[in-house]
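To keep things clear, I will list the structure first and then write my remarks on it.
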Amino acid sequence: MAFEGARRRLIDGGRRVLGLDAATADHNTLASLHHVEADVPELDPLELAQFRRIRLLGATGTVLIAISALGVAAQPVLQNPVSGVRVIGVFARWQTSSLALSMIGTVLVVMAWLLLGRFAVGGFGATAPLHRLTRSQLDRTLLLWILPLSVAPPLYSTDVYSYLAQSEIARRGMDPYVVGPASGLGVGNILTMNVPNIWRETPAPYGPLILWIGRGIAQITGDNIIFGVWAHRTLALGGVALIVWALPRLSRRCGVAPVSALWLGAANPLVLFHLVAGVHNDALMLGLMLTGIEFCLRGLDGRGKPFDKRAWALLTFGVVVITLSSTVKFTSIIALGFVGMALARRWGPGLRPLLAAAATLLGIAVVTTLFVSFASGLGFGWIYTLNTAGAVRSWMSLPTAIGIITGFGGVLLGLGDHTTALLFITRPIAGAVAGFVTLRMLLATWTGRLPAVGALGVSLAAIVLLFPVVQPWYLLWAIVPLAAWATTRAFRVPAVAFSAVVSVMLMPRGADYGVFQIIEAAVAVVLVSVLFIVWTRNRLPWRASPGVSAPSQEPAAYGVSS
């Protein structure tokens with residue numbers, strides 16, 4: 001009774017501090033992002049024909065991107081297999097045409113993805129589709145779209161070359177958390193030459209697991225850049241496969257159609273362009289994090305039953321996998337907090353279950369981290385390099401943008417450039433706000449107002465938006481877990497809009513383009529897009545069917561009980 005009273009006082013105090021004192025606060029705000037999606041029949045013959053055209057449209061777009069990558073991708077400075085080759089090498093000389101071809105392919109993929117949403121989520125939350133494509137149809141579509149990008153040179157980013165250099169440093173027995181590629185390998189080294197100048201003296205900002213794996217890749221591939229890039233892309237594809245495995249299982253727990261979650265979280269153009277084509281290790285981080293959460297929730301299933309050996313095994317394995325994801329990128333460690341709150345709620349009311357859950361998960365996480373750090377031989381230097389990327393001023397970061405705009409305003413007013421000083425103010429404030437939101441979501445999970453997956457997604461959304469540095473693929477940290485829970489227009493419309501706009505805004509990063517080249521390519525994209533829409537106005541579902549209403553939403557849909 002004493003523990004229960006203390007728990008109630010703590011919860012009540014937390015509600016007052018966090019703005020949750022109203023009994024329906026969460027249900028009027030965050031919980032309103034979710035509703036249970038009803039099961040609906042498969043596509044009818046007309047929709048099936050449209051779906052096949054949409055699938056072909058997306059495949060055409062990825063093939064165009066892969067072909068244009070021969071001229072505009074972030075190809076290696078040396079060991080470029082297409083340099084000087086007849087016919088294939090012409091793309092590198094036709095920069096403007098290759099850029100236009102790449103941008104056209106990008107827009108085609110985005111349009112195909114948006115059209116595919118008609119058969120996955122309908123009207124993005126307000127109305128549901130009367131018919132929905134099957135899981136196998138979506139899986140085959142995703143595989144078809146991924147294949148061309150999986151064999152293309154790196155696009156949209158050169159980070160994979162940093163991975164190769166940092167892995168080689170580790171292979172040579174040096175500490176990648178102390179030395180950068182230039183000092184560790186030498187400026188004239190073939191791997192260093194492909195690393196952007198801004199990162200040549202920078203230690204690795206990643207966890208020991210990804211560098212441990214990278215060291216093994218370096219042992220096999222050596223200085224062969226092409227094989228090294230493909231090996232790291234295989235890791236990224238493995239991460240995407242884990243996302244595809246875990247996301248529909250998590251969505252069923254929340255009453256969300258697996259196809260809807262996969263469409264937004266796995267078939268998203270940001271996944272295709274930045275995790276697959278861009279070869280980012282965020283794919284492995286997200287895949288491991290979601291997989292670990294799924295196993296943890298399996299261990300927590302079965303209310304009223306004793307917490308048996310199987311449950312312990314599932315929970316322990318899930319915590320280990322989540323911790324492994326944090327040794328790729330540390331951000332995912334936050335998932336353990338939400339699993340811990342769900343575990344404390346499962347064990348019963350009071351502070352004692354909360355403390356026991358925290359101690360249990362913390363112990364497993366510490367043991368796992370110690371094992372990876374010592375077994376890899378990389379130690380704990382990664383703890384001191386987590387903020388390495390903070391040197392970049394990212395336009396997508398809210399606190400950074402505010403600091404830069406305010407500093408620029410000071411210059412215009414003749415007050416001097418105080419941008420750096422302002423960033424020292426805006427970034428800590430943003431961090432405090434993100435911490436506040438995370439604390440609120442943890443409390444909402446503990447009290448049962450929000451499921452762990454949904455609360456984690458909201459927390460990651462706050463962290464991403466308020467992060468000092470935000471890269472386009474960071475948006476997936478929030479979009480992917482939220483795709484398994486948030487279903488209404490209030491979430492899906494901004495998520496879809498951000499994904500589509502950011503996908504078409506970024507250049508392939510393979511060359512420095514002149515303004516006239518970008519304008520000419522953009523004009524070509526607009527003309528092709530308008531003509532294509534006009535030509536297919538009656539062949540593709542550009543407009544919503546009139547008179548379509550959402551089917552009734554059954555509480556028990558997808559295995560979720562009321």
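The values are calculated or read from the model by the stated rules, or taken from the named source; none is laboratory data. Because the structure is predicted, anything quoted here is derived from the model rather than measured. FYI the Cβ positions are ideal-geometry reconstructions off the backbone, even for glycines, and counts take in every protein chain you see. Accessible surface is based on the protein model in full, side chains and every heavy atom, while ligands, DNA and RNA are left aside. Shrake-Rupley method; radii C 1.70, N 1.55, O 1.52, S 1.80 Å.
In whole Å, what is the distance between the alpha-carbon centres of the range 422-457 and the range 191-263?
Taking the Cα centre of the range 191-263 as reference, the centre of the range 422-457 is 26 Å away.
Please give the length that would be gained between V77 and L143 if that part of the chain were fully extended, namely 0.36 nm times their separation in residues minus their C-alpha to C-alpha distance (nm, one decimal).
Gain on stretching V77 to L143: 20.7 nm.
Determine, for each peptide in 169-175, 278-284, the mean count of other beta carbons within 10 angstrom over its residues, then list the peptides with the highest first. All intermediate terms of the calculation are to be shown ahead of the outcome.
Details: 169-175: 17.0, 278-284: 27.0.
With the highest mean Cβ count within 10 Å placed first, the list reads 278-284, 169-175.
Of all the accessible heavy-atom surface of the range 428-485, with the other protein chains kept in place and a 1.4 Å probe, what percent is carbon and sulfur? Let's see the in-between values first.
Details: 1200 of 1480 Å².
The computed percentage sits at 81.
For the residue pair S183 and N197, what label-to-label distance in nm results when each label sits 7 Å from Cα along the Cα-to-beta-carbon direction?
2.0 nm
Could I have the simple spin-label model distance between V526 and H131, label points 7 Å from Cα toward Cβ, reported in nm to one decimal?
3.7 nm
Return the equivalent ellipsoid semi-axes of the range 111-191 as a descending list in whole Å, where each equals the square root of 5 times an eigenvalue of the C-alpha gyration tensor.
Its equivalent ellipsoid spans semi-axes of 45, 14, 11 Å.
Rounded to the nearest 0.05, what FRET efficiency is calculated for R537 and N387 with R0 set to 60 Å and r the Cβ-Cβ distance?
That gives a FRET efficiency of 0.75.
Using a 1.4 Å probe on the protein chains only, how many percent of the accessible area of the range 163-219 belongs to carbon and sulfur? Write down the numbers at each step before the final one.
Numbers: 1160 of 2090 Å².
For the range 163-219, the apolar C and S fraction of the accessible surface comes to 56 percent.
For a Förster distance of 60 Å, can you work out the FRET efficiency between the beta-carbons of R53 and V433, rounded to the nearest 0.05?
It comes to 0.85.
Calculate, for A313 and A358, the FRET efficiency according to 1/(1 + (r/R0)^6) with r their C-beta to C-beta distance and R0 30 Å; round to the nearest 0.05. Numbers along the way, then the final one.
On the way: r = 20 Å, r/R0 = 0.67.
Approximately 0.90, to the nearest 0.05.
At A497 and I220, where each label point lies 7 Å from the Cα along Cα→Cβ, what is the point-to-point distance in nanometres?
Spacing of the two 7 Å Cα→Cβ label points: 4.4 nm.
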